[in-house]
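The values are calculated or read from the model by the stated rules, or taken from the named source; none is laboratory data. Predicted model, so just to flag it, every value in this text is computed and none were measured. Using ideal geometry, Cβ is built from the backbone for each residue, glycine included, and neighbour counts are taken over all protein chains shown.
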Amino acid sequence: MLLENKVCMIVGAASLRGIGYATAELFARHGARIAVVDISVNDIVTDEIRRSIAQNIGRDPHLIGIKCDIQSAADCAHAVSEAVKTFGTLDCLVNCAGIVRATPMLSIAEAEYDLMLGINLKGSFNICKSALEIFKPLGKGSIVNLASVAAQRGGGLVGGAHYAASKGGVVSLTRTIAREFGPSGIRANVICPSMIETSMLDGNLSPEKFNEIVAGVPLQRAGLPTDVAGACLFLASDLAAYVTGTTLDVNGGSHIH
Ligand SMILES: NC(=O)c1ccc[n+]([C@@H]2O[C@H](COP(=O)([O-])OP(=O)(O)OC[C@H]3O[C@@H](n4cnc5c(N)ncnc54)[C@H](O)[C@@H]3O)[C@@H](O)[C@H]2O)c1
């Protein structure tokens, strides 16, 4: 049990096929109490997540669902305060919320750019800021943000220029948090996955393109949500007590740099 009784907020975890859900399940298996935060959360979704986790780990998780649009600073402050009200504290934030669009640069309209940056970058800033307001006086806490290999290699897999730019921002944001809040006992790290089989790929990738990408991966397969969840567990837990400001690649060796 690597997270016994720890209170972990997993943002962007409403889809049972997603990285956030896989992380919530793995964290629950390791004894964490979980706040699942997502724009799509409601009572039905929360029950579905609770039932699925209970079935897979063999016991009922301590879990609440909180609806939140991370584009809104007020929503983020509310989500964090609800989690603290329910569980008494907050130990860890994993931010998996995000969107992707494959639009070529010259076809990206201003509204699409604003939405992409609003969710992926401003949203990450908002939710990290709200969590840090709790972590700072406690003198501890851990943040794991989800960026993408698109930030490192210049897009080119699934997301367009706006997606790659937003994820580059998430890498910089995380590094800055690590530097600014390290003296306060707070760690912040970022994960760069490559192609992971979630609903994010639906409609954004043809089967031919999928197979072409897999053929270039040294480990010869696409990633699974559980592959990324394992990396989140490492970074969130005390196993990574001296790890901060790092970028952890979860890409099957497809981008070795
Ligand atoms: N799947 C991949 O190939 C891949 C690759 C690299 C990076 N990533 C990143 O991993 C993270 C998780 O993606 P996923 O593949 O599990 O996809 P997903 O679509 O299952 O998860 C994203 C979640 O974010 C939520 N969300 C969207 N907008 C929101 C908002 N404004 N406020 C709150 N929640 C919001 C969605 O409802 C969804 O549940 C994302 O940040 C994504 O960019 C995914």
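Annotations for the structure displayed:
- Just one of the listed residues (Glu48, Glu82, Glu112) is touching a Lys or Arg at 6+ places or on another chain (Cβ under 8 Å), free of Cβ contacts under 8 Å to residues at least 60 places away in the same chain and within 15 Å of the ligand (Cβ to nearest atom), namely Glu112.
- Residue selected from the range 155-185 under the condition at pLDDT 95 or above and within 11 Å of the ligand (Cβ to nearest atom), by the criterion nearest to Tyr242 (Cα to Cα): Val170
- The range 71-101: number of residues that are of a type in the set (Gly, Ala, Ser), crowded, with 23+ Cβ neighbours inside 10 Å and not in a helix (DSSP H, G or I): 2
- Test for Ile119: is it in a helix (DSSP H, G or I) and of a type in the set (Val, Ile, Thr): yes
- Any chance Asp60 is charged (D, E, K, R) and in contact with a helix residue (DSSP H, G or I) (Cβ under 6 Å, 6 or more places away or on another chain): yes
- Residue match in the range 28-36 (condition: of a type in the set (Lys, Arg), crowded, with 19+ Cβ neighbours inside 10 Å and not in a helix (DSSP H, G or I)): yes
- Looking across Gly12, Gly31, Gly18, one residue alone is touching a strand residue (DSSP E or B) at 6+ places or on another chain (Cβ under 8 Å) and not charged (D, E, K, R). It is Gly12.
- Members of the range 206-239 that are free of Cβ contacts under 8 Å to residues at least 60 places away in the same chain, of a type outside the set (Phe, Trp, Tyr) and touching a helix residue (DSSP H, G or I) at 6+ places or on another chain (Cβ under 8 Å): Gln220, Arg221, Ala222
- Checking each residue in the range 132-154 for being in a helix (DSSP H, G or I) and either surrounded by fewer than 19 Cβ atoms within 10 Å (Cβ to Cβ) or within 14 Å of the ligand (Cβ to nearest atom) (or both) picks out Glu133, Lys136, Pro137, Leu138, Ala150, Ala151, Gln152, Arg153.
- Exactly one residue out of Val100, Val94 is within 19 Å of Ile119 (Cα to Cα) and either of a type in the set (Gly, Ala, Ser) or in contact with a strand residue (DSSP E or B) (Cβ under 9 Å, 6 or more places away or on another chain) (or both), and it is Val94.
- Residue within the range 192-208 that is of a type in the set (A, V, I, L, M), surrounded by fewer than 23 Cβ atoms within 10 Å (Cβ to Cβ) and over 29 Å from His30 (Cβ atoms) present: yes
- Scope the range 245-257; condition under 12 Å from Asn145 (Cα atoms) and assigned to a loop (DSSP other than H, G, I, E, B); matching residues: Gly245, Thr246
- None of Gly139, Gly118 is on the phi > 0 side of the Ramachandran plot and not aliphatic (A, V, I, L, M) except Gly139.
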